[in-house]
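Undergrad: Questions regarding the structure given below will be posed in turn.
No value in this document is a laboratory result; all are computed from the given coordinates. In this text, all values refer to a predicted model and were calculated from it rather than measured experimentally. Cβ coordinates were reconstructed from backbone atoms using ideal geometry, including for glycine residues, and neighbour counts include every protein chain displayed.
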Amino acid sequence: MLANKPYVVGLTGGIGCGKSEAAQYLKTLGAAHLDADDISRQLTQPGGEALPEIRRVFGEAAFNEDGSLDRCSLGKLVFGNEPARRALEGIIHPLVQREMLARMDEAGEAGASVVILDVPLLFETGMDALCDETWALYLDRDKQIDRVVVRDGLSREQAEARVDSQMPTEQRNARATHTVNTDQPIEKTRAVLEGLYRAAVKRAEQT
């Protein structure tokens, strides 16, 4: 391993599978945490680097009168519209990846031994190529839908559409180095995560 290059763990999982809670717990263990969703939001805030291209591709219908991004309208434009979704991802994902790489370098320079890349679309975007190993959190589909209904206030039909728009759990799990079933008491999930994290720290020390 190059000097100052941290050991990189990709953390992913379907909607409602507890990825945010897992990431926050890993931070308490000492992991550096890079959140793709946070970076994406920063890129699309007023003055954000992604806005000019979003405006060019989607027009003013995706923006509020004050020039800020209308996330609700943009979501309606791309949800269920595969070409539009891919166009939006083609704008945002390369910028997110570039920022992730820069922040990984910063974390390494700051002395981090393990960096968690928190990326919902880890495999879909190819960002797993940046990782030394990957962890996928998962739930039974019906329980996943139930969680999304409660968490986001959606109808069951809406929640099913959100779940089914993502990579199937079986496919994601097959590609991951490790899988974690979050349908268990939180203490048990945390124990599994801590074990994986401690093992990653050891591998970081050995490389």
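Undergrad: Antiparallel DSSP bridges in the chain: what percent, to the nearest 5?
TA: 5
Undergrad: Calculate the spin-label point distance for residue 72 paired with residue 60, positioning each point 7 Å from the Cα along the beta-carbon direction, and give it in nanometres.
TA: 2.0
Undergrad: In percent, what relative contact order does segment 1-95 have, based on Cα pairs under 8 Å that are 6 or more apart in sequence?
TA: Values: 52 pairs, mean separation 16.6, N = 95.
Taking the mean separation of contacting Cα pairs over the length of segment 1-95, I get 18 percent.
Undergrad: Next question. Below 12 angstrom from the Cβ of residue 76, what's the summed charge of the other residues (Lys, Arg +1; Asp, Glu -1)? Display every interim value, and only then the final one.
TA: Numbers: positive: 71, 85; negative: 70.
Net local charge, residue 76 excluded: +1.
Undergrad: Looking at the chain, what % of the alpha carbon pairs are farther apart than 24 Å? Could you put the intermediate results ahead of the total?
TA: Working: 9836 of 21321 pairs.
Distances greater than 24 Å cover 46 percent of the Cα pairs.
Undergrad: Output the relative contact order of segment 46-105, whole-number percent, from Cα pairs under 8 angstrom with separation of 6+ residues. Working shown, then result.
TA: On the way: 33 pairs, mean separation 16.5, N = 60.
Relative contact order, segment 46-105: 28 percent.
Undergrad: Could you work out the relative contact order of segment 87-207? I mean the mean sequence separation of Cα pairs under 8 Å and 6+ apart, divided by the number of residues, in percent. Mind dumping the intermediate values first?
TA: Numbers: 66 pairs, mean separation 34.7, N = 121.
Answer for segment 87-207 is 29 percent.
Undergrad: Among 149, 115, rank each residue by its count of other Cβ atoms within 10 Å, from fewest to most, as a rough exposure measure.
TA: By the 10 Å Cβ count, ascending: 149, 115.
Undergrad: Residues with amide H under 5 Å of residue 134's amide H, sequence separation 5 or more or different chain, H placed in the peptide plane at 1.01 Å from N; which?
TA: 10, 177, 178
Undergrad: With θ set to phi - 60°, apply the Karplus curve 6.51 cos²θ - 1.76 cosθ + 1.60 along segment 37-47 and write out the HN-Hα couplings as whole Hz, x wherever there is a Gly or Pro.
TA: Once θ is set to phi - 60°, the couplings for segment 37-47 become 5, 4, 5, 4, 5, 5, 5, 10, 6, x, x Hz.
Undergrad: Please name whichever of 102, 78, 28 sits farthest to the positive end of the charge dipole of segment 1-145, dipole taken about the Cα centre and charges placed at Cβ: Lys and Arg +1, Asp and Glu -1.
TA: Highest projection toward the positive end goes to 78.
Undergrad: Excluding same-chain residues fewer than 8 positions from residue 143, which lysines have a Cα within less than 29 Å of its Cα?
TA: Those lysines meeting the cut-off are 19, 27, 76, 188.
Undergrad: Whole-Hz Karplus ³J(HN,Hα) for segment 148-158, in order, using 6.51 cos²θ - 1.76 cosθ + 1.60 and θ = phi - 60°, x for Gly and Pro?
TA: 5, 4, 5, 5, 9, x, 9, 6, 4, 4, 5
Undergrad: Applying the Karplus parametrisation 6.51 cos²θ - 1.76 cosθ + 1.60 with θ = phi - 60° to the phi angles of segment 91-98, what ³J(HN,Hα) value in whole Hz is obtained for each residue in order, glycine and proline being reported as x?
TA: Taking θ as phi minus 60°, the curve returns 7, 7, 4, x, 5, 4, 5, 4 Hz for segment 91-98.
Undergrad: Separate question: With springs only between Cα atoms under 10 Å apart, run a GNM on the chain and tell me which of 131, 17, 72 wobbles the most.
TA: Fluctuation is largest for 72.
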